[in-house]
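> Please read through the structure below; I'll follow up with questions.
The values are calculated or read from the model by the stated rules, or taken from the named source; none is laboratory data. Please read all numbers here as calculations on a predicted model, not as lab measurements. Cβ coordinates were reconstructed from backbone atoms using ideal geometry, including for glycine residues, and neighbour counts include every protein chain displayed.
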Amino acid sequence: MPCFAGFRLARALTWVSVWNMSEGDKGRPGAGALVQRRALLRGLAAGVVSAALMPARASAAERADRVVVRKSRRRVDLYRGETILRSYDCSLGLSPTGHKQREGDFRTPEGSYYLDTRNFDSDFFLSIRISYPNDQDFAWAREHGVDPGNYIMIHGLPNQMDRPPSYYHTHDWTNGCVAVSNADMVEIWMLTDFLTPIEILA
């Protein structure tokens, strides 16, 4: 993933570099190819740097074996056995009461799921997908002829904020996701694993 991001950056740098070449440089034999090679190297280097800057994972003995979200308390708890490793404040969907049932209802799901996909290149500061909809959610949606929705995440703040930062910590503002501060998201990223169970309670 970091190398792919670096490749995309390389393409962008290539166009910027070519655009900024002087007319004399553009006429030199092989000048365009040289610029592209330099931009590709810059992009690959950016990919390596991106990988180096990713949050390091905790050891297996230090990671949580389940996550519990208590919607009524706006809390995310990371457990190992019966011990709470960390607790975080969170925000929920714009319509936080009740279980998510369909696309666009702005509700945060309730039930048993897993953390199944990680994305460091989303619209938010790090995101981990919650495996909604599960079999029960699909069954209900089929019975009622609706789309259950998808892409429910735990994530940090938006990369492009359209409100003051304080707003995101004091309001429910997501489309149904569970949102935490960026610092808390780094810890959740480090302390959870692929297919860590997550229980979302009312």
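> Where in the range 85-202 are there helices (runs of 4 or more DSSP H), lying wholly inside it, with at least 1 residues that are in contact (Cβ under 8 Å) with a residue 60 or more places away in the chain?
Result: 165-170, 182-191.
> Okay, next question. Step by step: first the residues of the range 38-76, then only those that are of a type in the set (S, T, N, Q) and part of a helix (DSSP H, G or I), then the one that is modelled with the highest pLDDT. Which residue is that?
Per the stated criteria, the residue is SER72.
> Okay, moving on. Name, by its number, the condition in (1) surrounded by fewer than 13 Cβ atoms within 10 Å (Cβ to Cβ); (2) at positive phi that does not hold for TYR151.
(1)
> Consider the range 155-179. How many of its residues are under 27 Å from ASP116 (Cα atoms) and of a type in the set (Phe, Trp, Tyr)?
Counting residues in the range 155-179 that are under 27 Å from ASP116 (Cα atoms) and of a type in the set (Phe, Trp, Tyr) gives 2.
> Can you say whether ASP123 is touching a strand residue (DSSP E or B) at 6+ places or on another chain (Cβ under 7 Å), surrounded by 14 or more Cβ atoms within 10 Å (Cβ to Cβ) and under 17 Å from SER181 (Cβ atoms), as far as the supplied structure shows?
On the way: touching a strand residue (DSSP E or B) at 6+ places or on another chain (Cβ under 7 Å): yes; surrounded by 14 or more Cβ atoms within 10 Å (Cβ to Cβ): no; under 17 Å from SER181 (Cβ atoms): yes.
Against the criterion (touching a strand residue (DSSP E or B) at 6+ places or on another chain (Cβ under 7 Å), surrounded by 14 or more Cβ atoms within 10 Å (Cβ to Cβ) and under 17 Å from SER181 (Cβ atoms)), ASP123 does not qualify.
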